[in-house]
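The values are calculated or read from the model by the stated rules, or taken from the named source; none is laboratory data. Because the structure is a prediction, the values reported are computed rather than measured. Counting neighbours? That spans all protein chains shown, and the Cβs are built from the backbone with ideal geometry, glycine included.
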């Protein structure tokens, strides 16, 4: 629950010390752990009936078997909702890829959009087309997974 700006410098130092600057791993790995994701999935998994887990134990399943065969399939909508939100957040990052990706090969779409404007000139037509192309994959992904997203957000909100 610490603000991202506060963890930015330590994350950069760790990435630099591990030799991950200007690599795909350096862009991706620091964004994987998320306190929001933990709390969201916790709330979602609390809505899973205890009777299902008890039935798995009675059937002789191990704890990992219960998790793999019962909890994960039921958690599909919550995982899909978290996946869509995480994809959206990481797709829109600007500062981290700007600092970590130093070469032209590591420029992300958001950094490329920011580089399309200059101090004295902005080509609004080109920038609008590029923004549309940048948003299109998110819209298509949301349309494909919309039912999981809505089910995942609603299912963790109630228990009863």
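Side notes on the structure shown:
- Test result for residue 54, out of contact with any strand residue (DSSP E or B) (no Cβ under 8 Å at 6 or more places or on another chain) and either within 30 Å of residue 139 (Cα to Cα) or modelled with pLDDT under 90 (or both): no
- Summed over the stretch 1-49, residues that are in a loop (DSSP other than H, G, I, E, B) and under 20 Å from residue 104 (Cα atoms) total 5.
- Residues that are part of a loop (DSSP other than H, G, I, E, B) and surrounded by fewer than 16 Cβ atoms within 10 Å (Cβ to Cβ) within the stretch 50-82 comprise 59, 60, 62, listed in sequence order.
- Which listed residue is part of a helix (DSSP H, G or I) and either touching a strand residue (DSSP E or B) at 6+ places or on another chain (Cβ under 8 Å) or exposed (fewer than 15 other Cβ atoms within 10 Å of the Cβ) (or both), from 138, 85: 138
- Checking each residue in the stretch 100-111 for being surrounded by 16 or more Cβ atoms within 10 Å (Cβ to Cβ) and in contact (Cβ under 8 Å) with a residue 60 or more places away in the chain picks out 100, 101, 106, 108.
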